[in-house]
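Notes to accompany the following structure.
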Amino acid sequence: MKTVNHWIGGKTVEGASGTYGPVTDPATGEVTTQVALASAEEVDAAVQVAKEAFLSWGQSSLAARTKVLFAYRALLDANRDAVAELITAEHGKVHSDALGEVARGLEIVELACGITTQLKGELSTSVSNSVDVAAIRQPLGVVAGITPFNFPAMVPMWMFPLAIACGNTFVLKPSEKDPSASNKLAELMAEAGLPAGVLNVVHGDKVAVDALLAHPDVAAVSFVGSTPIARHIHTTASANGKRVQALGGAKNHMLVLPDADLDAAADAAVSAAYGSAGERCMAISAVVAVGSIADTLVDKIRERAEKIKVGPGNDPTSEMGPLITAAHRDKVASYVKGAAAQGADVVLDGTGYTVEGKENGHWIGLSLLDNVRTDSDAYRDEIFGPVLCVLRTETYEEGVALINASPFGNGTAIFTRDGGAARRFQLEIQAGMVGVNVPIPVPVGYHSFGGWKDSLFGDHHIYGNDGIHFYTRGKVVTTRWPDPSDAPVGVDLGFPRNH
């Protein structure tokens with residue numbers, strides 16, 4: 001059986017804890033790989049390697065850093081398919097979706113390639129007699145990233161390229177459910193010329209996470225995952241004196257007004273709710289239909305959802321793959337099975353879906369629930385699967401109030417032809433990312449990604465300008481140099497005297 005080991009100091013390091021976790025092929029349910037789970041001592045070894053590497057990398061020139069990143073960008077581009085195949089094999093998402101994940105990660109690599117302009121400081125001259133003030137930004141040291149299973153390549157690339165470009169060294173703890181993509185990313189970094197120890201990958205579970213949160217040599221922690229864990233990460237790491245950005249869960253709404261293009265809205269709802277099998281924090285999981293269009297909209301969503309082909313991710317005809325684990329599949333199914341008892345109309349029930357010849361895969365079909373109540377489990381919880389809830393309101397104001405009452409505030413969208421309504425929505429809605437006729441408003445790389453309320457813990461969003469500020473700290477230098485003409489008598493610097 002294949003074993004995924006750690007990547008420390010620029011090379012593969014076998015796990016020493018003796019503990020391994022299973023990695024399954026979601027399409028078959030078979031355990032294909034085992035991943036080494038690090039002990040606290042192994043985490044410490046990786047941090048010490050990163051700490052040693054920081055002594056030189058933190059002092060390296062911007063030209064040296066960007067040279068590596070440009071080479072990495074070219075290698076990553078050339079290896080898109082190889083990385084995507086690893087994602088499909090362990091996560092289950094279809095190949096085209098995996099390629100899209102790599103492309104979105106590449107955006108941040110490209111942002112890191114242009115880091116030189118983002119790290120420029122400020123200078124004020126002659127603030128007083130012969131006094132100048134400069135503001136500069138410097139790296140933090142060793143920083144860590146803890147990333148989720150749903151985007152095993154993209155989310156790590158939202159973190160380490162910027163952190164490294166800013167002069168930090170990095171310890172990545174990816175999800176143990178699909179670990180291979182992270183190792184591949186690190187290997188390509190080494191091939192691009194990154195010095196040993198600047199990027200390290202340590203696999204593990206809660207033991208490894210807690211070791212990073214408590215480690216005195218880790219200056220900052222980035223995290224993406226569920227809200228309960230994000231809250232724990234933020235509380236624990238902050239208590240240990242670390243800078244923290246912890247992105248949590250979501251319940252993203254799409255408000256559809258009566259004047260909207262309903263075909264466009266239905267297309268958007270299907271792609272945003274069921275893409276990547278709903279396993280993404282920016283999935284639309286709740287459609288809020290306003291007024292008389294609800295019945296028509298539900299019919300259009302159902303018609304489209306029924307045509308989506310669910311199958312293995314490596315089958316080019318598949319449009320949606322399986323879920324990551326059988327346990328997660330069963331949890332997602334429980335929301336659908338319990339929906340009718342909590343007042344919902346089950347328009348589509350995907351819980352009995354299977355694929356012939358691969359019956360042990362983690363399969364579930366597309367589910368659509370109508371007339372969902374706000375006090376139901378299917379609405380309150382982040383399901384993280386291919387389940388779309390439809391709620392109904394009579395007015396725009398009721399729809400906005402419903403969305404703003406949610407404890408989550410990650411992303412949201414409005415579908416309308418009315419510019420005034422869209423403008424009101426983007427100002428009144430309580431969420432960090434807003435789409436106008438765009439169902440999944442994930443910002444491009446040079447803007448920052450992050451939510452509000454229980455979707456974000458910490459002061460900084462991820463990547464973009466916020467990411468660069470998170471991975472650096474400011475310093476202000478005040479200098480005073482006497483004029484050479486004021487040199488003591490007897491010292492001739494060749495400058496004319498002015499007195």
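The values are calculated or read from the model by the stated rules, or taken from the named source; none is laboratory data. All values reported here derive from a predicted model rather than from experimental measurement. Positions of Cβ are backbone-derived with ideal geometry, glycine not excepted, and every protein chain shown enters the neighbour counts. The area values use the complete protein model at the heavy-atom level, side chains included, leaving out ligands, DNA and RNA. Shrake-Rupley method; radii C 1.70, N 1.55, O 1.52, S 1.80 Å.
For the chain, the solvent-accessible area works out to 41 Å² per residue, with a probe of 1.4 Å and every protein chain left in place. Counting only aspartates and glutamates at least 8 places from Lys93 when in the same chain, those with an alpha carbon closer than 15 Å to its own are Asp25, Asp81, Glu85, Glu101, Asp178, Glu279, Asp315, Glu319. Shown here for region 56-143: trypsin sites (Lys or Arg not before Pro) in loop regions (DSSP other than H, G, I, E, B) with at most 13 other Cβ atoms within 10 Å, namely Lys120.
A Förster radius of 22 Å combined with the Cβ-Cβ distance from Arg380 to Asp261 puts the calculated FRET efficiency at roughly 0.15. For Val198, what is the net charge nearby, where nearby means another residue's Cβ is under 12 Å from its Cβ and Lys, Arg count +1, Asp, Glu -1? It works out to a net charge of +1. Around the amide H of Asn314, modelled in the peptide plane, lies no amide H under 5 Å away from a residue 5 or more places distant or on another chain.
Computed from Cα positions, the angle between helix 227-239 and the longest principal axis of the chain comes to roughly 20 degrees.
Shown here: region 216-330, whose C-alpha atoms stretch 57, 38, 23 Å along the first, second and third principal axes, sorted largest to smallest.
Running Debye on region 424-463 with equal point scatterers at the Cα sites and no solvent, what base-10 log of I(q)/I(0) appears at q = 0.19, 0.25 Å⁻¹? Taking Cα atoms of region 424-463 as identical point scatterers yields -0.59, -0.96.
Applying 0.36 nm per residue to the separation of Ala103 and Ala78 and subtracting their alpha-carbon distance, the gain on full extension is 7.8 nm.
Of the trypsin sites (Lys or Arg not before Pro) found in region 300-366, those in coil by DSSP whose Cβ has at most 11 other Cβ atoms within 10 Å are Lys307, Lys309. Each residue of region 366-381 is assigned a 3J(HN,Hα), and the resulting list reads 7, 10, 10, 10, 10, 6, 6, 8, 6, 9, 8, 4, 4, 8, 6, 8 Hz, derived from the Karplus form 6.51 cos²θ - 1.76 cosθ + 1.60 (θ = phi - 60°), x at Gly and Pro.
Once the Cβ-Cβ distance between Leu123 and Ser56 is put in as r, and R0 is 35 Å, what FRET efficiency do you end up with, to the nearest 0.05?
Rounded to the nearest 0.05, the efficiency is 0.80.
Expressed to the nearest 5 percent, the antiparallel share of DSSP beta bridges inside region 1-119 is 75 percent.
Quick one: work out the % antiparallel among DSSP beta bridges in the chain, nearest 5.
40
Between Val207 and Asp486, residue separation times 0.36 nm minus the direct Cα-Cα distance comes to 94.1 nm. In the chain, carbon and sulfur make up what percent of the accessible area (probe 1.4 Å)? Exposed carbon and sulfur together represent 52 percent of the surface.
List the relative contact order of region 385-446 as a percent without decimals, with contacts defined as Cα pairs under 8 Å and 6+ residues apart.
The normalised contact order for region 385-446 reaches 34 percent.
The angle between the Cα long axis of helix 262-274 and the longest principal axis of the Cα atoms of the chain comes to about 70 degrees, rounded to the nearest 10. Rounding to the nearest 10 and keeping the result within 0 to 90°, find how far the Cα-based axis of helix 80-91 lies from the longest principal axis of the chain. Between helix and principal axis, roughly 50 degrees.
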